[in-house]
Each structure stands twice: as structure tokens, then as C-alpha cells.
Amino acid sequence: MQLVKHISEMPQTDKPVVLATGCFDGVHIGHQKVISTAVEQAEACGGEAWIYTFNPHPAKILVPDKAPPLISAPPCRMRQFETLGVHGIIEIPFDMAFAQIEPEEFLSNLWKNIPSLSGIVCGIDWSFGRRAAGKFQTLETFCNEHALTATAVHPVLYHGEKVSSTHIRKAIQTGHIPLAEQMLGRPFSLFGTVIPGNKIGRELGYPTANINPLNELLPGPGVYAAYTKVQSSEFGVQNSANSELHPSAVFIGKRETFGCHMHVIESYLLDFDGDLYGQIIEICLVEKTRDVHPFPSKKALIEQIKKDVVQIRRILAGKN
């Protein structure tokens, strides 16, 4: 899978090119339908499917005070793109100058820079160009004039409700992890480098891997059943996908029992013995098991952790 940062850098090809366009925050099942449609069209005409997206998310430039945290860390997002079978990604740097391009010029730039452009696929509610004035009707008219195919993909519904990044964020932040997983089409993951902590977990008999998260969106405080993948010292798409899954108990929040008010994310890998400092890990959340609160003593906390581990083993065993 190729990645280019400007449309002019896209390798030229004689094969028909079908673009899947959008922001694709989270690459949830609705986004996957858009991308899969482009892949299917490309395969049908012996062409290549490419993703046309933006970095940063346009909201971070246009309405920075209201821009929501992105759901997926970059390695997870890229891995999902590759899994869907695209030939490459055009990730346009989004800035105020780009935001001022009129919709017709936006489309003309695609057509002029990709001579073998065959079609464009988007969500039915996708908008583009200055003041988001470009709609699907704009795209359809342009494509008809230039002998291209325009395809609008309708929203995917889950229990009668439109799958959206907004709903997924809410589910993750409120601890409804299985719901988020259903809408994402995969477990929600936290990526991060293992950093030294206060060794409180080790003192309690449950050594944990503390991470500096790469994610913008973080779940609410709680104890979670999870799986942890030990990746490497470098982020990589294939590396993470092929890593071994370690059943884990994950703590997210403040260690108030010890008077610590810094927010931490730490994973206790069950039945694992090894040095993880400096390693990059991916924590795949499965289910929230309880809220966090201070305990009257270290002994009381240890007793609760024992119960947590038993419960988490049971939950994860039921997933196999």
C-alpha cells in the first residue's frame, strides 16, 4: 500500500483509478462500506482503488475549539485502510488555503492530476470545497460531464440508528466498549509506548505496562478486560496485526488510593513475564468491568484486583 501526501505525487498508471473520498475518522463500518465499494468497482474494471483523505481532520483547522478527538491512532487507521484492500492513500495536508478551494476546482484538480480517474465514491452526506458547498449532486454533475462514475453510499445502520463517529466516541467515553466494537467492526485499540511508572502495580504484585498513548480519544476511567499486543520499538501496520494477543487487565484513571492524581493507562498482562520498557503496545479493549474509586487500604485494593483478574479471565475465556 502506497502513501502520498499530495495528489501530484501519485504514481501515474494506465489502469482505471477509483477514489474513495472522505475523512474516515475511525474507519467504522460506514466508512468501510464506502471504501469497499471503491475497491469492488476498481476490481470490476481491472483498476486501482485509492483513498483520498485529509490530515489533519478539517475540523481541527476550521473549528479547532469544537474539533472532536480522533477515534483511531494513525497506525490503526492505516492498518484498516490496508485491510480493506486499497492500492494506496492520498493524504492531503488540510489547511486554510486548501479550505478555500471552490468545489468545482476541487474536482477539477482530481480530474487533471489523475488522468486515468474512472470514478469517485463517497458517503451520501459528504461535502467538500469552500464552505462545504460541494454536495453529491455537485459531484454527480461533474462526473457526468467528464465521463466518470459518481457513487453515493448510504449510511450503515446499527439497531436502526446511523453509525457515526459521534456515536462511537460517546460509546467509548462512557465505557460501552462492545457497542463501539460493533460500530467500528473491530475492537477499539489504544496505542502507546511503555514508559516507566511509579511501580505501584509491581508493589501490589501486579506489574503493569504504563503507556504514553498515541490516541486522542481515551475511554473514561475504569477497569477493562482487554488483550495487549506487544509490537516492537517502531510503529508498523503489519507488525501490530501479527502480534500475539495477551489477556490483560487494564486500568484507566487516577490512582487515588495512593494520592496520585495523574491520569494513567496501564495494562497488566496476565501470565506474562518480560521487560516491556520502550516497547510499543496495542491495547484492544473488550469490556469495562467496573468504575474506579479509592480504597481504604492497600490490602483492600489487592483483594479487589484479585477479583478483577478472576472476572476478566472469565470474560476473555468466553470470547474464545
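Quick notes
- Here is the figure for the range 305-320: residues that are exposed (fewer than 15 other Cβ atoms within 10 Å of the Cβ) and farther than 27 Å from residue 193 by Cβ total 7.
- Residue that is modelled with the highest pLDDT, among those in the range 213-242 that are farther than 22 Å from residue 309 by Cα and among the polar types (S, T, N, Q): 215
- The set of residues from the range 122-164 being of a type in the set (A, V, I, L, M) and touching a residue at least 60 places away in the same chain (Cβ under 8 Å) comprises 153, 156, 163.
- Qualifying residue in the range 88-97 (condition: closer than 25 Å to residue 193 by Cβ and out of contact with any helix residue (DSSP H, G or I) (no Cβ under 8 Å at 6 or more places or on another chain)): yes
- Every residue from the range 172-183 that is under 21 Å from residue 59 (Cα atoms) and within 14 Å of the chain's Cα centre (by Cα): 172
- Of the helices (runs of 4 or more DSSP H) lying entirely inside the range 48-139, not one is found with 3 or more residues being crowded, with 21+ Cβ neighbours inside 10 Å and at positive phi.
- Among strands (runs of 3 or more DSSP E) entirely within the range 145-228, having at least 1 residues that are crowded, with 16+ Cβ neighbours inside 10 Å and touching a Cys at 6+ places or on another chain (Cβ under 6 Å) singles out 149-153, 189-195.
- Subset of the range 1-26 that is touching a residue at least 60 places away in the same chain (Cβ under 8 Å) and within 17 Å of residue 126 (Cα to Cα) - its residue that is surrounded by the most Cβ atoms within 10 Å (Cβ to Cβ): 20
- Some residue of the range 270-288 being more than 15 Å from residue 212 (Cα to Cα), of a type in the set (Ser, Thr, Tyr) and in the same structural domain as residue 244 (by TED's automatic domain parsing): no
- Each residue in the range 104-143 was checked for being touching a His at 6+ places or on another chain (Cβ under 6 Å) and more than 26 Å from residue 162 (Cβ to Cβ), and 1 pass.
- Residues being in contact with a Gly (Cβ under 7 Å, 6 or more places away or on another chain) and under 19 Å from residue 64 (Cα atoms) - total across the range 93-149: 2
- Verdict on residue 39 being more than 15 Å from the chain's Cα centre (by Cα), within 20 Å of residue 126 (Cα to Cα) and surrounded by 16 or more Cβ atoms within 10 Å (Cβ to Cβ): yes
- Residues within the range 262-299 that are among the hydrophobic types (A, V, I, L, M, F, W, C) and surrounded by fewer than 12 Cβ atoms within 10 Å (Cβ to Cβ), tallied: 1
- Subset of the range 25-65 that is touching a helix residue (DSSP H, G or I) at 6+ places or on another chain (Cβ under 7 Å) and of a type in the set (D, E, K, R) - its residue that is nearest to residue 110 (Cα to Cα): 48
The values are calculated or read from the model by the stated rules, or taken from the named source; none is laboratory data. The structure presented is a predicted model; accordingly, all values stated were derived computationally and were not measured. As a convention, Cβ positions derive from the backbone with ideal geometry for all residues, glycine included, and neighbour counts pool all protein chains shown.
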